[in-house]
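For reference, the structure is listed below as structure tokens.
The numbers here are math on the coordinates, done by the rules we state, and not lab data. Just so we're clear, the structure is a prediction, and the values are computed from it rather than from any experiment. Don't worry about glycine lacking a Cβ; one is built from the backbone with ideal geometry, like all the others, and counts go over all protein chains shown.
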Amino acid sequence: MSRHPFLGFGLGLRSQHYRDIFDGEPAVDWFEVISENYMVDGGQPLAMLERIRERYPIVMHGVSMSIASTAEPDLEYLKRLRGLADRFEPAWVSDHLCWTGVHGVNLHDLLPIPYTREGLDHVASRIHLVQDMLGRAMVIENVSTYVQFAESEMHEWEFLAELTRRTGCSLLFDVNNVYVSAFNHGYDPLEFLNAIPLDSVAQFHLAGHSDMGTYKIDTHDHPVPEEVWSLYADALWQFGPVSAMIERDDNIPALVELMPEVERARAIAVDVLGREAGTPQRASLQVAE
């Protein structure tokens, strides 16, 4: 069982859906917000997030921490991230196992790392630093990959499992990313799933991808495909009730068109785990002044 609260079934918060959220009562249990969109001093983004947080639990998901980078940690970024987390009290804060830039240039991509003992030592030390600065345990997401490093000394799942043991961090198990990487590199996604410590998974991501024939790209611009739904069911059987969300970053449809996917995630959880798996544990909605 996850050591994190079970929030239920959510969506990535996108500005296109603000009006529908405020005007209606969508059956979404929680929202995941992109941290960097709200790391500002004021204005409309924070005003919108305050209104959302009054009604729903949230988690914060970053795309620019670059936790695997060998560059010096961006302490100002981490201070602003902590300020946002202290203000809005997310259930957890997550980012990706990757690096995103070099020599002060953000490449706006989630770039892979070699899975070596040296790399493990380095990332573990960075996670310890981040957790100390944020005053909370991190949740780290597996990314989709398209190349493998000859220098790697272990599998990705072995790297992630040891990382959770060393640092106390949890995992954002991106089901689509596991499926995409398994297809691209020719391994069984269940081998990945079965290697992850049972209590380490805080959250699932469910998303679509682009099928290029001989490889797949994690584009988040399609509905969740059947193969990912199937792997999600396997993950539920393995890890139990874990907060799950639909992630859509491009070709974003109206909120009403995404709701069937949210409800399908809920229905699969109930089918695999029983009726209680469809009901979230309600988190506090208080927002810090």
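Note that the chain shows a convex hull volume over its alpha carbon atoms of 128 Å³ per residue.
Put in line by how crowded their Cβ is, counting other Cβ atoms within 10 Å and starting with the fewest, LYS216, LYS79 read LYS79, LYS216. For an R0 of 45 angstrom, estimate the FRET efficiency from the Cβ-Cβ distance between MET154 and PHE22 and round to the nearest 0.05. The calculated FRET efficiency here is 0.45.
Just checking the listed ones, PHE192, PHE31, PHE22: in the Gaussian network model of the chain with Cα springs under 10 Å, the one fluctuating most is PHE22.
Where in the chain are the DSSP H helices whose alpha-carbon span along the long axis reaches 18 Å or more and whose Kyte-Doolittle mean is at least -0.5? Long hydrophobic helices here: 75-88, 117-134, 226-239, 255-273. Between GLY12, GLY83, GLY213, where does the largest GNM mean-square fluctuation fall for the chain, given springs only between Cα atoms within less than 10 Å? Result for the chain, Cα springs under 10 Å: GLY213 fluctuates most. Remark: segment 9-278 carries a charge dipole of roughly 640 debye about the Cα centre, counting +1 on each Lys and Arg Cβ and -1 on each Asp and Glu Cβ.
With a ≥ b ≥ c taken as the square roots of the eigenvalues of the C-alpha gyration tensor of segment 154-272, please select rounded if a/c is under 1.5 and otherwise prolate if a/b is larger than b/c or oblate if it is not? In terms of gyration-tensor shape, oblate.
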